Amino acid sequence: MDLVQKEHDRLLKKLRSSQGITNVQNTIDILQSARDAIAADPNQAAVTLAKLQNPVKTSFNAINDSLKETHGSLNKYTKSLDKLFKDRPLPSTEHDALSQRDQLINRAIAMHLLREGQFSVAASFLSEIAEKKTRIASSDRTSASPEPTSLLNLDEVPSAEIRKEFASMYYILSQLKERRNLLPAIEWARENREALEARGSNLEFELCRLQYVWLYHGESDTPNATPDQTRRNQTAAIAYARQEFPAFHTRYQREINQLMGAMAFCPNLSASPYAAIFNNPSAWEDVAQFFTREFCSLLGLSADSPLYIAATAGAIALPTLLKLQTIMKAKRTEWTSENELPVEIPLPPSYLFHSIFVCPVSKEQATDENPPMMMPCGHVIAEESLKRLSKGSRFKCPYCPNESHMKDARKVFL
């Protein structure tokens with residue numbers, strides 16, 4: 001990886017110091033000057049063109065030399081990439097569980113496009129699916145002519161209500177991220193206050209708190225803010241707090257006290273105990289993610305696109321599976337695991353949606369019939385592994401010197 005980084009830095013340095021663009025612009029200026037001279041005095045066209053020959057040739061040579069240097073650096077960078085990321089075959093798709101479920105894959109793609117706000121792309125994608133199904137039906141038709149397939153007949157098409165909800169979510173997020181406008185998000189949170197409170201969510205208060213902070217800063221973040229502007233911003237924030245915060249006083253009294261108490265430190269808020277509240281660079285991104293998670297939760301959907309999660313998890317797992325395939329081919333063994341991977345794939349904590357346990361002895365995932373069992377020493381293995389180790393008598397823990405009996409083990413509930 002160091003070699004790739006070295007070549008990348010060298011290529012970047014070469015591109016920044018390259019005179020290629022300058023040489024091209026010089027050539028354009030020379031030709032433009034000649035054109036203007038001929039337009040001003042057509043009788044001198046032959047002389048002007050004769051004088052033009054050597055400068056243009058010199059300029060073209062300089063351009064070619066610059067391109068050669070850049071092309072050489074690019075070739076070295078490409079070779080270093082090829083050496084690091086060798087071309088290897090992908091794992092076999094012979095037992096692909098989704099090979100016969102195209103509608104599920106197409107629906108996941110359509111839902112992903114809707115989540116990202118790509119509504120026109122989603123419509124085009126679904127239209128192409130409809131056209132493909134129509135062609136297949138036409139090729140398989142008998143004496144009766146089949147009816148054209150419409151979008152409404154597709155299994156991949158999300159309901160009109162879901163599409164409407166995603167359009168609303170995308171609008172609110174665009175207002176929040178691009179225009180720093182929290183009002184649509186606050187209005188949505190109020191309309192769904194009961195459902196959010198049933199989940200124990202504090203989204204509405206977080207949005208109102210950020211609105212208070214935004215009003216407090218106002219134009220005072222600009223270098224040329226006057227004292228009058230700063231006072232007007234503080235007055236607007238206090239007026240907003242008096243109007244909105246009483247509804248949250250029961251649950252968030254401590255947080256509200258902090259927001260109001262910070263006013264005493266206005267001349268030097270950055271050095272106060274409340275600096276983190278009023279100067280959080282990730283506040284807008286955090287509240288956008290929080291809003292997305294709560295919005296999708298009320299729809300019964302995950303906050304992240306399942307297609308994105310599946311693709312990312314697959315990319316993480318792919319190197320391990322490629323290595324496993326190479327080892328199995330060398331040892332002439334086969335993958336015999338059913339409905340599970342033969343090795344454990346370490347995924348980020350955010351991708352662990354269900355509590356599972358993989359026995360460190362047998363490498364098998366625990367089930368209701370083969371639950372995890374904890375020995376007195378605190379180590380946990382699957383019940384079948386425990387039976388094989390104990391054989392009805394005392395045995396040594398495979399991970400520490402302690403000895404125990406199977407009757408001393410306790411079932412672990414995840």
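The values are calculated or read from the model by the stated rules, or taken from the named source; none is laboratory data. Please read all numbers here as calculations on a predicted model, not as lab measurements. When we count neighbours, we look across all protein chains shown, and the Cβ atoms used for this are built from the backbone with ideal geometry, even at glycine. The protein model used for the area step is the full one, side chains on, heavy atoms only, and it has no ligands, DNA or RNA in it. Shrake-Rupley method; radii C 1.70, N 1.55, O 1.52, S 1.80 Å.
In segment 235-258, how many residues are of a type in the set (A, V, I, L, M, F, W, C) and closer than 22 Å to E197 by Cα? Please lay out each step first, then the result.
Filtering segment 235-258 down to residues of a type in the set (A, V, I, L, M, F, W, C) leaves 236-239, 241, 245, 247-248, 256.
Of the ones still in play, those that are also closer than 22 Å to E197 by Cα are 241, 245, 247-248, 256.
Going through segment 235-258 one residue at a time, the tally reaches 5.
Assess whether V380 counts as being out of contact with any Asp or Glu (no Cβ under 6 Å at 6 or more places or on another chain), crowded, with 16+ Cβ neighbours inside 10 Å and of a type in the set (A, V, I, L, M). If you could, list the steps in order and put the result at the bottom.
On the way: out of contact with any Asp or Glu (no Cβ under 6 Å at 6 or more places or on another chain): yes; crowded, with 16+ Cβ neighbours inside 10 Å: yes; of a type in the set (A, V, I, L, M): yes.
Judged against the criteria, V380 is a match.
Determine which member of the set G392, G378 is in contact with a helix residue (DSSP H, G or I) (Cβ under 8 Å, 6 or more places away or on another chain) and on the phi > 0 side of the Ramachandran plot.
Of G392, G378, the one residue that is in contact with a helix residue (DSSP H, G or I) (Cβ under 8 Å, 6 or more places away or on another chain) and on the phi > 0 side of the Ramachandran plot is G392.
Please go through segment 249-280 and give me each residue that is of a type in the set (D, E, K, R) and open to solvent by 70 Å² or more (accessible area, probe 1.4 Å), ordered by number.
Applying the first criterion (of a type in the set (D, E, K, R)) to segment 249-280 yields 251, 254-255.
Across segment 249-280, the qualifying residues are R251, R254.
State whether the residues of segment 216-238 include one that is under 27 Å from A303 (Cβ atoms), in a helix (DSSP H, G or I) and open to solvent by less than 70 Å² (accessible area, probe 1.4 Å). Lay out the reasoning, then the answer.
From segment 216-238, those under 27 Å from A303 (Cβ atoms) are none; that's our starting set.
For segment 216-238, residues under 27 Å from A303 (Cβ atoms), in a helix (DSSP H, G or I) and open to solvent by less than 70 Å² (accessible area, probe 1.4 Å): absent.
Is it the case, given these coordinates, that F357 is open to solvent by less than 50 Å² (accessible area, probe 1.4 Å), at pLDDT below 85 and either of a type outside the set (A, V, I, L, M, F, W, C) or within 39 Å of the chain's Cα centre (by Cα) (or both)?
Yes.
Hey, any hits in segment 363-370 for a residue that's loosely packed, with under 15 Cβ neighbours inside 10 Å and of a type outside the set (V, I, T)? If you could, list the steps in order and put the result at the bottom.
So the first thing to find is which residues in segment 363-370 are loosely packed, with under 15 Cβ neighbours inside 10 Å, and the list is 367-369.
Remaining after also requiring of a type outside the set (V, I, T): 368-369.
Checked against the condition, which is being loosely packed, with under 15 Cβ neighbours inside 10 Å and of a type outside the set (V, I, T), segment 363-370 yields at least one hit.
Just give me the residues in segment 132-154 being exposed (fewer than 11 other Cβ atoms within 10 Å of the Cβ) and either closer than 23 Å to L307 by Cα or modelled with pLDDT of 85 or more (or both), in sequence order.
Passing the criteria: only L152.
So which of R107, R115 is at pLDDT 80 or above, open to solvent by less than 70 Å² (accessible area, probe 1.4 Å) and basic (K, R)? If you could, list the steps in order and put the result at the bottom.
Values: R107 fails: open to solvent by less than 70 Å² (accessible area, probe 1.4 Å).
Matching residue, one of R107, R115: R115.
Within segment 23-38, does at least one residue satisfy the condition of being within 19 Å of S73 (Cβ to Cβ), in the same structural domain as K76 (by the TED database) and either assigned to a helix (DSSP H, G or I) or not charged (D, E, K, R) (or both)?
Kept after step one, since they are within 19 Å of S73 (Cβ to Cβ), are these residues of segment 23-38: 23-24.
This time we only want the ones that are in the same structural domain as K76 (by the TED database), so: 23-24.
So of that shortlist, the ones also either assigned to a helix (DSSP H, G or I) or not charged (D, E, K, R) (or both) come out as 23-24.
Within segment 23-38, one or more residues are within 19 Å of S73 (Cβ to Cβ), in the same structural domain as K76 (by the TED database) and either assigned to a helix (DSSP H, G or I) or not charged (D, E, K, R) (or both).
Return the residues of segment 281-301 that are loosely packed, with under 14 Cβ neighbours inside 10 Å and farther than 14 Å from A185 by Cβ; say none if nothing qualifies.
If the condition is that a residue be loosely packed, with under 14 Cβ neighbours inside 10 Å and farther than 14 Å from A185 by Cβ, then P281, S282, L299, G300 are the ones that fit.
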